[in-house]
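Asker: Shown below is the structure under consideration.
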Amino acid sequence: MPKVEVSIELEQIAKVLQRLTPGEVETLEILLNPKLQVELKDRWKKGKEELKEGKTLSKEKLFSE
């Protein structure tokens with residue numbers, strides 16, 4: 001990934017962070033936490049395997065009354 005250098009005052013960074021949506025904050029947390037990245041990738045892989053094996057609920061079963 002190419003490197004980019006930006007010169008911004010710390011106060012400006014704080015203001016930008018305050019305006020982030022909850023989804024953007026979550027994305028930032030993932031990007032800044034390598035352990036969380038690995039955990040999420042492992043969960044995704046396990047979830048795909050469970051889906052193939054029929055160990056997960058279908059949408060119909062999940063939302064049935």
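Asker: How do the helices (runs of 4 or more DSSP H) wholly within the chain filter down when requiring 2 or more residues that are in contact with a Pro (Cβ under 7 Å, 6 or more places away or on another chain): which remain?
Answerer: none
Yes/no matrix, rows are residues, columns are (1) at pLDDT below 95; (2) among the acidic types (Asp, Glu):
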{"position": "Ser7", "(1), (2)": "yes, no"}
{"position": "Ile13", "(1), (2)": "yes, no"}
{"position": "Pro22", "(1), (2)": "no, no"}
{"position": "Val25", "(1), (2)": "no, no"}
{"position": "Lys46", "(1), (2)": "yes, no"}
{"position": "Glu50", "(1), (2)": "yes, yes"}
{"position": "Glu53", "(1), (2)": "yes, yes"}
{"position": "Leu62", "(1), (2)": "yes, no"}
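The values are calculated or read from the model by the stated rules, or taken from the named source; none is laboratory data. All values reported here derive from a predicted model rather than from experimental measurement. Using ideal geometry, Cβ is built from the backbone for each residue, glycine included, and neighbour counts are taken over all protein chains shown.
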